[in-house]
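As structure tokens, the structure follows; a few thoughts come after it.
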Amino acid sequence: MTTTADAPAHTPTKPADRWFPTACILCECNCGLEVALGGPEGRNLVKIRGDKRHPGSRGYTCEKPLRLDRYQNGRAERVLRPQRRRADGTFEEVSWEAAIGEISARLKEIGAAHGGDTIFYYGGGGQGNHLGGGYARATLAAYGAKFRSSALAQEKTGEFWVNANMLGAALVRSDLAQAQVAVFLGKNPWQSHGFPHARTVLREIARDPARTLVVIDPRRTESADLADIHLQVRPGRDAWLLAAMVAILIKDHLTADAWLDVHVTGLDDVRAAFTDVDVAAYCTIAGVSESLVREAVCRIAAAASVAVFEDLGIQMNHHSTLVSYLEKLIWLLTGNLAKPGTAFVPAALVPLASARKDNSLHNVVTPVTGSPVIGGLVACNVIPDEILTDHPKRFRAMLVESANPAHSLADSRRMTEALEALDVLVVIDVAMTETARLADYVLPAPTQFEKPEATFFNFEFPHNVFHLRPPILDAPEGPLEEAEIHARLVEASGALDPEVVARLAEAAEHGRMPFAAAFVSATMSDPALAGMAPVLLYRSLGPTLPDRMASASLLWGAAQLAFRANPTSVMAAGHASGDALFDAILAGPSGIVFADDSADPEAAVWSRVKTSDGKVHLGIPELLADVRALATTTPPGPTEEWPFVLSAGERRAFTANTIIRDPAWRRREEDGPLRISPNDAEKLGLTPGDEVVLETPAGRATARVSIDDGRQDGHIALPNGFGLDHVDDGDRIVTGIAPNSLTRGQDRDPYAGTPWHKFVPARLTPSP
């Protein structure tokens, strides 16, 4: 269905005849879209519809992308020229030459005095700008930087570590569309999506009497309303619930023993750890009926296929890494790997994270706090601790790209203090964000519609999809694509020999084969040069690509690596070589299938299990010790001082992190109200629309109340993506509450350092 987008009220719409392929940027699904342009200058997204040619989404969209004109043309304080901070805190416009030269000089000075490892990188994937983040690797190499992080380190690193230990692969997903039993843990896919055609799949499972939908969530969500079984666990007590479920499988002999005999090690250690689990007591702690838990477990054990999806509800909560482990034990003990409708390891074009041979948490740690670096990412919650110290290896410089840590990371006040304490802060972004306003330099980038873009959330199976999106608008004068920014920073460092670039550029003019030979020879002979490969590709191969597509040159290297790692899968998708895959990517404006595992999905998955013996390693000693410790651990919960548990950052119909800064994009709940149960509202004498003072150990705010009859007593929630500001008629206006003004950095998982944003102690007082 074609829908007219909600363009700014002052803009008359003049739809063009042509539809341009692009994609949504508001969740990890990145559904394919078609956009018609119009308005007085032809820059408004006046009509938006699902792209039926996209091989993943096939025309599917939710309601969110229909408002994307607010991203391109809304009130976002767009940056159009490089900005330099004056001594009085204001900004002045400078040339690109001055900005790059001064930034490079300061980074080299810091590196010379303190080491390149004191230069820290954050981001490279937010605000719809993903492709450019790949070029940051070259800048880090040029200046000797070693440490980086991104929003993934607030969410997925605990799961990455568990996956790597068990399967030797950081990324594991599930085939929900074909599962006989689908389990959602801390996940409401009706709103947060997370897999193709989420709402359609939910409805199909709910309507099929032969299939079962299980939702584990403290709130009765839209997904829970569709579920056959809703395990409404008490906030923060998922570990006891899942430990009880694993114990039932083991004690009642519901495990897939024949499959386990062939495919796993460490089974005896796992069985021993659950011998003394008191199922009835653990269900009581979790607040869920034992009979309902046993029904869910029996359906899982009896099913031909089970798929599980865990998400932020547990990944930003108590025992997050342990819960991730327990979740995987449930589907592994029942043999649900490498079959249709079960868990799988997908082929990757660009891996989001990689597993190390040594998956010890002490293998790589941060210089100040000794925090584990998992999947190459520093835990977000320790970043201020790595800056606000007199340690000789503290982070002194920070490059932030398409990210807003001053707003999106825990304890905004302390994060701001840390950013202000840096010797130099450089921000690359589209808009003057909360973080950009703290920067010494702000470097403007185009929007995702003004340059080639791609997203590396490629999780489909057995047909995996990649979508390189061509620009549909010209960028205004001033901004530079991130590839060009990083190329100039690398060149200014003096680390890249221009003669090498010239030789490779000459080779590229003679064709791909001579270029590939020259590129491999150059990078293999010089490890330092290999680190700067993205910029090498951009400067040499980039000019040979179609008009305005030079920054896609990074994907040539990705295509070669993808073909080398998964030749059978890539050839089955119709690509005879890495070059053929790259050419298909360039020629497919609506996306392509880059890997096809449909001929033998089981063999494909097992080929990507990279443990030392090719088997699943069930036992993780540290986490099995935590299982035993649950028996004597005091479960988290409300206290007399803090009688409520706040979920700080709930996904709702019109929330999208900080990608769209203009609040007018939201059709409802424009101020992001605090949701509270009817009983709690009655006790406090509150009615819808009333204001309350919300306090946590980190701060306080005034919120408008909304009554939610699906919510447990004592459990309240604020949405994500609020607390941003914009200028309206000269006044700076903040809409809603910034959740991280109410969270603390020390509240984090002991293994991965992921935050406990879904369990924030709180109290409420009616406003006078």
Inset, instruction - May I ask you to verify whether Pro750 is modelled with pLDDT of 95 or more, farther than 17 Å from Leu646 by Cβ and in a loop (DSSP other than H, G, I, E, B)? - result: yes
Legend entry - Condition broken by Ala507, with the remaining ones in (1) buried (at least 20 other Cβ atoms within 10 Å of the Cβ); (2) among the small types (Gly, Ala, Ser); (3) touching a Pro at 6+ places or on another chain (Cβ under 7 Å); (4) closer than 26 Å to Pro589 by Cβ satisfied: (4)
Inset, instruction - Identify all residues within segment 40-54 that are touching a Ser or Thr at 6+ places or on another chain (Cβ under 8 Å) and either under 13 Å from Ile472 (Cβ atoms) or modelled with pLDDT of 95 or more (or both); write none if there are none. - result: Asn44, Val46, Lys47, Ile48, Arg49, Gly50, Asp51, Arg53, His54
Legend entry - Candidate set: segment 637-687, residues that are aliphatic (A, V, I, L, M) and part of a loop (DSSP other than H, G, I, E, B); chosen: the one farthest from His726 (Cα to Cα): Leu686
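Conditions tested, residue by residue: (1) part of a helix (DSSP H, G or I); (2) at pLDDT below 95; (3) under 15 Å from Phe461 (Cβ atoms).
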residue: Leu329; (1), (2), (3): yes, no, no
residue: Leu332; (1), (2), (3): yes, no, no
residue: Pro346; (1), (2), (3): no, no, yes
residue: Arg356; (1), (2), (3): no, yes, no
Inset, instruction - Scan segment 589-615 for residues that are among the hydrophobic types (A, V, I, L, M, F, W, C), within 27 Å of the chain's Cα centre (by Cα) and in a loop (DSSP other than H, G, I, E, B) and report the count. - result: 1
Inset, instruction - Select from segment 564-588 the residues that are part of a helix (DSSP H, G or I), under 21 Å from Glu453 (Cα atoms) and not charged (D, E, K, R) and list them in ascending order. - result: Gly578, Ala580, Leu581, Phe582, Ala584, Ile585, Leu586
Legend entry - Residue check for Asp429: among the acidic types (Asp, Glu) and more than 26 Å from Phe722 (Cα to Cα): no
Inset, instruction - List the strands (runs of 3 or more DSSP E) that sit entirely inside segment 415-486 and contain at least 1 residues that are among the basic types (Lys, Arg). - result: none
Inset, instruction - Report yes if Leu581 is over 30 Å from Ala562 (Cα atoms) and aliphatic (A, V, I, L, M), otherwise no. - result: no
Inset, instruction - Return yes when Leu555 is buried (at least 17 other Cβ atoms within 10 Å of the Cβ), modelled with pLDDT of 95 or more and outside any loop (DSSP other than H, G, I, E, B) and no when it is not. - result: yes
Inset, instruction - Return the residue satisfying two criteria in turn: it lies in segment 688-711 and is assigned to a loop (DSSP other than H, G, I, E, B) and closer than 19 Å to Glu641 by Cα, and of such residues it is nearest to the chain's Cα centre (by Cα). - result: Ala698
Inset, instruction - Need at least 2 residues that are surrounded by 21 or more Cβ atoms within 10 Å (Cβ to Cβ) and not aromatic (Phe, Trp, Tyr) per element, so show me which strands (runs of 3 or more DSSP E) inside segment 17-92 make the cut, counting only ones lying wholly within it. - result: 19-23, 32-38, 44-50
Inset, instruction - Would you check if Thr139 is in the same structural domain as Glu482 (by TED's automatic domain parsing), closer than 30 Å to Gly115 by Cα and buried (at least 23 other Cβ atoms within 10 Å of the Cβ)? - result: yes
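The values are calculated or read from the model by the stated rules, or taken from the named source; none is laboratory data. These numbers were taken from a predicted model, which means no experiment stands behind them. Because the Cβ atoms are built from the backbone with ideal geometry, glycine has one as well, and the counts that use them run over all protein chains shown.
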